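Data block below; observations after.
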Amino acid sequence: MIERLTMLLRRTLLAAAVLSLTAGCFAGSQAEGPARLRVALPFAPVQSLSPLGDDGVTLTRLGIAETLVRLDQDGKPQPQLAESWTRKSPTTWSFRLRSGVKFHDGTALTAAAAADALSRAAAASPVPRAIKGVGVTAKAAGDLDLEVSTTAPDPTLPQRLSAANLVVLAPAAYQGERVNPAKAGTGPFVLTDLNVAAGTALSRFDGYWDGVPALAGVDVRFVPDGNTRSAALRAGEVDVATTVPISALANVTTEEVPLPRTVSVLLNTAKPPFADPRLRAAVREAVDPAALAKGVYEGHADAATGVFRGTAARQVTPTGATAGSQKIALATWSDRPELPGVVTAVAESLRAKGFEVEQVVRKYSQLEPDLLAGNFDAVVFSRSYAMDSGDLAGNLSLDFSCSGGFNLVKLCDPALDAAIGQALAVEDVSARQEASMRAQDIVLASDAVVPLVHERTIIGRSAGVSGLSTDPYERLLITAKTRVS
Amino acid sequence: MRLLGRLCALLGLTAVIGLLPLMSGRDPALAVLRARSADREPDAEAIASVRRELGLDAGPFELLGRWFWRAVHGDLGASWVSGEPVTGQLGPAIAVSLTLTALAALVAVLVMTLLVTRPFVRGLRGSSAGRAGFAAVLAALPEFLIGSVLLLVFAVRLGWLPTSGWRDLSYAVLPAIALGTPAGAILAVVAGDALRDALAAPWRRSWTGAGFRVRTIALAVVRRAGSVVTGQLGIVVAGMFGSAATVEVVFGVPGLGRLAVDAALAQDVPVVQACVLVILLVGAAAGALGAMAQRLLLGPALTDGALESSAPREITSGRLSLLLPLVAVVAVVLWGIWRDPFTVDLAARLLPPSGAHPMGTDALGRDLLARVAHGALHTAALAAGVTALVVVIALLVGIAGRRGSGAADLVNALPTVVVALAVAATAGPGWTSAVVAVAAVAWAPPAAHARSLALEQRGSAHLTAARALGASTRHIMFRHVLPAVVPPVLRNAFVRLPAIALALASLGYLGLGAQPPEPEWGVLLAEGMPNVERAPWVVAFPAAALVLLGVGAVVAAARMR
C-alpha cells in the first residue's frame, strides 16, 4: 500500500516536474525579456574583421570594440575608454584610462594593453591612415596611465585616436601579423565566431563598463544589394538595414543622418581646358545644386555651398563665361548608386554651356588608375571630409595643398598653402574649424572644385527599434542603449 | 596521356587568366589596397607595403611559376586581400553553388518539359509541331529581372520565402527559379528541334507500320532527342554554376560566381585563379557527363553507322504572324526616333506612360520611348553581329573535329566579367574588347550542340550509303552534315541573342562597351532596375523590347533553314 502510494507520488512529482520544465521553457520563449536585434549591413568583412583596414568601422558600429576617444556631433573629442587627457609637451600626451573596463575575455583594460594595441597599429603595413606619418609611439606610464608621443607637435592627436582602426583589443587578439577580434573587444557585444556567409551572431557582454546592454544580442548578416536590404527589412527578416538606397525608401521607416560628405565636380587645373579659370567658372555657373538635391537625390541630400557643411553662401558676380566646344572627359564611379545620375545631369548642363562631354562611368576600382594619372578633365567625386580625425584642416591639406596626397584638382597656390598651414597649427577645435573655413574660401574662389550636394545616409529600421546611434562619422550604430520591442 | 594534357591545359588557362591583369602593367597593389580600405588615398608608402607583403616585386613570371608549383602540390595559396587561405573561402562557396545549380537544373528541366510536352504530343499524333515562341520569350528575360520580381512578390509581399542569405534549402528556391527559367527555355528550343527531327525520322514510319504501341515509339523518340539535349543540359548547368553572379548578388547568396567576380575586380589573383580552376573543372566534368550520356542513349548505333536520321527538310512554314515581333520593333523605332533621348528634366522624373511620354520617363526625366528607339539599332546590330560570329566559331569548332569541343566545355562556365577583365588588360578598354570577351564565352554552347548533331549525322546510315556510292567528303559535308546541323545551331545561338545583348551592356562598368548616356537596351534595364517597384515601366518597356528582339531573332533563324 505504502509502496503504491510512493509510486503514485513519484509519478505525480515526475509529471509535475516535466510540466513545469516545459512550461518554463515556453514561458521563457514568450517572456518580455531583452530581444535580439537583426541587422543587415552592405559590406561583408574583407579581412576577417581585422581592425587595421575598413573592417575596423564594422567592429565599432556593431558595438564590438571601442576606441580611447570618440568624436561628438561637432567633431570634438570626448572620453570613451580614456577618461581624460592632457598635453604634457608639444609632442607628448598623457591619457588616463577608465578603470573597471574589461575585455570580453575577462582580462582588464590596462595602459599596457592599450599601448600594445596602438603600437601594433603604428607598426602595421600599411600604417592606418589616421596616424600615417605622425610617428605615434605609446607606452604605459602606470597601470591606467598611457603616454602617447608623436615625432612632430600634433594638436589633433586625441581626435586621431578616435579612428576605428585604433580600437583597443585584448592582448590575446594580436597573433603575429594577424589581428583576431573574437572575444577581445570592450564593447557591449561579444563576437565569438565570424561567419560571413551564414551571418554572425553577437551576444550581450554583461560586464560592459557603461551598464548592461539593453539587447540580448545582435544577429548580423551581409547583403550586398541595397534594394534587397530594404526588401529584407520590409519582409520583417531584419530590424535594421543600413545604407538604404533612395529608390527603395517606400514603406520603410528611416533615420537620416547628415554626413560630412560632399559630392563635387573636381576640375583638373593642370591641363586645358580647365587650366583656364573662366571655363571653371562656367562649370560652376552651369550646375544647379538645388535641382540635383531635389531631383536626383529626391530631397535626401542637401544642396552644397562649400566643401564643408555650413559654409555661408558666396556672393559672386556671374561671369557669363561659355565654352567653345571644348572636349572634356567627365568621369564618375558606379559604386554609389546616385553618382551616375548626377554625372548625366551635370553633363547635360555642361553641354548646354557649350562643352562637348564624354561621360565615363566605371566601378571605382576600374576608374582609379586613370583618375590618379589625371586622365580625366573633370570628375564627379563623393568624398568624406572628416574621415579619421574629423579634422577639416587635415582634409584641406590632403586634397588641395601643393604636397597633398590626394590632390586630384592639382591646385598649388602658396596663399592657400599658407592659410591651410595656419589652420593646421591651431589646437582648439572650434578655432581650427574657423581657420579651415577661411582656407576653404580660397579653394572655392579658385573654382577648381564645384560643390554639388552634401550626402546623408539612410538607416532603415522597423517601428520597434529605438536608440540607434546617428553618429555622422559613421563609427557607431548599435550601442548599449539600442533596444527593440 | 590525354588526361595529363587536359590537366596541363587547365592549369595553363587558369594561370593565364589570373595573371593577365598583372602583365598589363596595372598595379594590383592599388586594387588590393582599395579592396581593404575603400577611402584611403593611395600614397606610395601604402602601395609599397602591400607590394612587399604580397611579394609582387618578383614579377608576373616568377609569381606564375610559384603558383604553378604550389598548385601541383594542392596548395592554392592565400587571398591577397584577406590573407586567409583560399581553400577556406572556396569550400563553402562551392557547396553553395553546387546546391543552387542542382536546384536550378531541376527548374530548368521542369521548364523545358512543360514547354515541349504539348508540341511533342501533337507531333506524335501527326499534326505539325508548334514553334518555340513562348520559349523564346522566357529565354529573353534577364535573370536579374526575374529575380527581383520574384523577390518582391514572394518574399516581400507574400512572405512565403526568405529574401536573401543562405541557411537552408528555402533560401535557394527563388534564386534557382530565377536562374533555371531562362536556361530551361533555351533547352526547350534545343529539345523542340531535336524532337521534331526525331519524329520526322524514317524509322518512325516503319515502327508505326509494324504496329508498335505509341508509348514505345514515344520513348524511342525521346531517347533519340535526349542524346542531343543531354549535351546541352551539361553545358547549361555548368554555365549556371560559374556565371550566376548577378542572381547571387540580388539574393545575397554567397556563391562561387560572386566570389570570382569580386576577386577579379579586386585583382585578388590567388582567389581568381582558384575560382577559375574550379569552374573549369566543373565545366569539363559536365561536358564529359553530357558526352557519356549521349553515348549511352545512342548505344552501339553511333559507332556502327546504324543511326537513321531524317534527311534535311525544306523550309518549314513561317507564318507571317511570327514576323510580328520584328515589325513591332521597327514600328517603335520609327515612332520614337524623332524624339530626344538625352535631355534631362529633373522635374519630370519617373512619370508614368501618358500622351506626352508614351512609355513614361526614366529617373532623370528622359523620354523612355526615345531612348528605346535610339538604342534599338545599336543593341540589335551589335548583338546580332556577335551572335553571327558565335555561330561561325561554333560551326567551325563543332564540325571540324573533336579537339576543340573539349575547349568548349572548359570556357563555357567562365564568368564573362572575369574573361573581360583579362581581355581588357591585354587589349585595353573599348568595344572590341567587349565583343571579344562575350564571344570568347558565348561560342561554347552552340559549338557543343553542333558537335553532337554532327556526331549523329556522321553515324547515320544514309551517310554510309552515300559514302558507299562514292560521295566525296566535301559533298557529304555540304549536302548532308551542314544542312542538318546549321538550322538547330542557328536557333540555339539566336535564342541566346538577348543574353548576349545584356552581357555586352553589363561590361560597361568595367569601361568596356556602352557608356552612359548611350541608350543601349541593357543599360536602360540596368539603370531602371532600382526603380522596378515604384515605376515598373522603366524596366517593362526595355525588357519587352528585348523579348521582341529575342523572339524575332529565333523566328528569323527558323526561316533561314
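Some observations on this one:
- Candidates B:R40, B:R51 - the one that is closer than 23 Å to A:A373 by Cβ, in a loop (DSSP other than H, G, I, E, B), among the basic types (K, R) and in the same structural domain as B:V16 (by TED's automatic domain parsing): B:R40
- Picking from residues in the stretch A:312-344 that are under 30 Å from the mean Cα position of the chain (by Cα) and away from chain B (no Cβ under 14 Å), the one that is nearest to A:G295 (Cα to Cα) is A:A313.
- Residue list for the stretch B:354-403, restricted to those being open to solvent by 60 Å² or more (accessible area, probe 1.4 Å) and outside any helix (DSSP H, G or I): B:G355, B:A356, B:R402
- A residue that is surrounded by fewer than 22 Cβ atoms within 10 Å (Cβ to Cβ) and part of a loop (DSSP other than H, G, I, E, B) occurs somewhere in the stretch B:198-207.
- Filter result for the condition that a residue is in contact with a helix residue (DSSP H, G or I) (Cβ under 7 Å, 6 or more places away or on another chain) and within 14 Å of chain B (Cβ to nearest Cβ), over A:P126, A:P77, A:P171: A:P126
- Matching residues in the stretch B:510-531 - criterion: being closer than 24 Å to A:A248 by Cα, within 9 Å of chain A (Cβ to nearest Cβ), out of contact with any Phe, Trp or Tyr (no Cβ under 9 Å at 6 or more places or on another chain) and part of a helix (DSSP H, G or I): B:E527, B:P530, B:N531
- Considering each residue of the stretch A:338-352 in turn, at least one proves to be open to solvent by 60 Å² or more (accessible area, probe 1.4 Å), in a helix (DSSP H, G or I), free of Cβ contacts under 8 Å to residues at least 12 places away in the same chain and within 27 Å of B:V523 (Cβ to Cβ).
- Taken together, the residues in the stretch A:177-220 that are surrounded by fewer than 23 Cβ atoms within 10 Å (Cβ to Cβ) and more than 20 Å from A:P45 (Cα to Cα) amount to 10.
- The stretch B:37-82, residues that are within 14 Å of B:V272 (Cα to Cα) and within 14 Å of chain A (Cβ to nearest Cβ): B:A78, B:S79, B:W80, B:V81, B:S82
- Each residue in the stretch B:480-519 was checked for being open to solvent by 50 Å² or more (accessible area, probe 1.4 Å) and free of Cβ contacts under 8 Å to residues at least 60 places away in the same chain, and 1 pass.
- Verdict on B:L280 being open to solvent by less than 10 Å² (accessible area, probe 1.4 Å) and touching a Cys at 6+ places or on another chain (Cβ under 7 Å): no
- Any hit, the stretch B:167-174, residues being more than 14 Å from chain A (Cβ to nearest Cβ), surrounded by fewer than 22 Cβ atoms within 10 Å (Cβ to Cβ) and assigned to a helix (DSSP H, G or I): yes
- If the condition is being of a type in the set (D, E), open to solvent by 20 Å² or more (accessible area, probe 1.4 Å), in contact (Cβ under 8 Å) with a residue 60 or more places away in the chain and in a loop (DSSP other than H, G, I, E, B), then the stretch A:221-279 contributes only A:E237.
- Cβ-Cβ under 8 Å pairs, at least 6 apart or on other chains, the stretch A:120-133 side more than 17 Å from A:T151 (Cβ to Cβ), far side among the polar types (S, T, N, Q): A:S125/B:S49; A:P126/B:S49
- Residue within the stretch A:460-483 that is open to solvent by 10 Å² or more (accessible area, probe 1.4 Å), among the acidic types (D, E) and closer than 27 Å to A:V342 by Cβ present: yes
- The C-beta contact set for the stretch B:245-261 (first residue at positive phi and touching a residue at least 40 places away in the same chain (Cβ under 8 Å), second residue assigned to a helix (DSSP H, G or I) and of a type in the set (D, E), distance under 8 angstrom, 6+ apart or interchain) is empty.
- Filtering the stretch A:375-389 to residues that are outside any strand (DSSP E or B), touching a strand residue (DSSP E or B) at 6+ places or on another chain (Cβ under 9 Å) and within 14 Å of another protein chain (Cβ to nearest Cβ) leaves A:N375, A:F376, A:Y385, A:A386, A:M387, A:S389.
- Wholly within the stretch A:27-133, strands (runs of 3 or more DSSP E) carrying at least 3 residues that are touching a Lys or Arg at 6+ places or on another chain (Cβ under 8 Å): A:36-41, A:77-79, A:82-89
- When each of A:R204, A:R229 is tested for being within 11 Å of chain B (Cβ to nearest Cβ) and of a type outside the set (A, V, I, L, M, F, W, C), the lone residue that passes is A:R229.
- Number of the condition not met by A:G306 [criteria: (1) outside any helix (DSSP H, G or I); (2) crowded, with 19+ Cβ neighbours inside 10 Å; (3) within 13 Å of another protein chain (Cβ to nearest Cβ)]: (3)
- Of the residues making up the stretch A:451-472, just one is of a type in the set (S, T, Y), in contact (Cβ under 8 Å) with a residue 60 or more places away in the chain and in contact with a helix residue (DSSP H, G or I) (Cβ under 9 Å, 6 or more places away or on another chain), namely A:S462.
- Residues in the stretch A:354-377 that are open to solvent by less than 40 Å² (accessible area, probe 1.4 Å) and farther than 29 Å from B:D262 by Cβ: A:G354, A:F355, A:V357, A:D377.
- Check on A:E298, more than 22 Å from the chain's Cα centre (by Cα) and under 30 Å from A:G460 (Cα atoms): yes
- Selection from the stretch B:360-384 of residues that are within 26 Å of B:A442 (Cα to Cα) and free of Cβ contacts under 8 Å to residues at least 40 places away in the same chain: B:A381
The values are calculated or read from the model by the stated rules, or taken from the named source; none is laboratory data. Treat the numbers as computed from the prediction; the structure is a model and nothing was measured. All Cβ positions, even for glycine, are placed from backbone atoms using ideal geometry, and neighbour counts span all protein chains on display. Keep in mind that these areas ignore ligands, DNA and RNA; they rest on the heavy atoms of the full protein, side chains included. Shrake-Rupley method; radii C 1.70, N 1.55, O 1.52, S 1.80 Å.
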